[in-house]
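The values are calculated or read from the model by the stated rules, or taken from the named source; none is laboratory data. What you are looking at is a predicted structure, and each value in this text was computed from that prediction instead of being measured. With ideal geometry, Cβ positions are generated from the backbone for all residues, glycine too; neighbour counts draw on all protein chains shown. Note: accessible area is taken over every heavy atom of the protein model, side chains too, but ligands, DNA and RNA are not part of it. Shrake-Rupley method; radii C 1.70, N 1.55, O 1.52, S 1.80 Å.
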Amino acid sequence: PRENDRRAHPPGPPQQRGPPPPRGGNGDDRGSEDFFMEVPAEVAKMIVGAGGKAIQALQDRTGALVNIDRLERGAVDNGYRKVAVTGPSRCVDAAADEIRKAVNQWEMNRQERAGGGGGGGGGRDG
């Protein structure tokens, strides 16, 4: 994933569009932090899930607010979507870690489908 920026914000609601703040988290509302990255569009679809259920579950688990930009009409599709993660530092870190894991898993699966499995071995000589 492409990671762009991390900014600290004073206390208060995040200045972002998107779903209401998550119900989970650690209750730390002393300040807010933003973390930005880009993920492949296919991963963005997996993160959102059917009807937004997967992204809601991610927000509930981590306590971070996760926004994924939609491709604007007429915009050139570069195959990536911008992701903004907002919340207390611990929550942002937890959500960013889960997103990175999703990207890594997607990349591994894509390599396997393309025949780039490699590795192998692990057997014993008899």
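Regarding Ala57, is this residue hydrophobic (A, V, I, L, M, F, W, C), open to solvent by 30 Å² or more (accessible area, probe 1.4 Å) and modelled with pLDDT of 95 or more? I'd like the intermediate steps shown before the answer.
Numbers: hydrophobic (A, V, I, L, M, F, W, C): yes; open to solvent by 30 Å² or more (accessible area, probe 1.4 Å): yes; modelled with pLDDT of 95 or more: yes.
Criteria met by Ala57.
Set side by side, the residues Pro40, Pro22 differ, and just one is at pLDDT 90 or above, on the phi < 0 side of the Ramachandran plot and touching a helix residue (DSSP H, G or I) at 6+ places or on another chain (Cβ under 7 Å), which is Pro40. Report every pair of residues separated by at least 6 positions or lying on different chains whose Cβ atoms are under 7 Å apart, first residue within the stretch 95-113 and surrounded by 12 or more Cβ atoms within 10 Å (Cβ to Cβ), second charged (D, E, K, R). Going by the 7 Å Cβ cut-off, the qualifying pairs are Trp106/Glu42.
Out of the residues in the stretch 80-94 that are over 14 Å from Glu38 (Cβ atoms) and among the charged types (D, E, K, R), which is most open to solvent (accessible area, probe 1.4 Å)?
That would be Arg90.
Checking each residue in the stretch 61-79 for being open to solvent by less than 50 Å² (accessible area, probe 1.4 Å) and part of a helix (DSSP H, G or I) picks out only Thr62.
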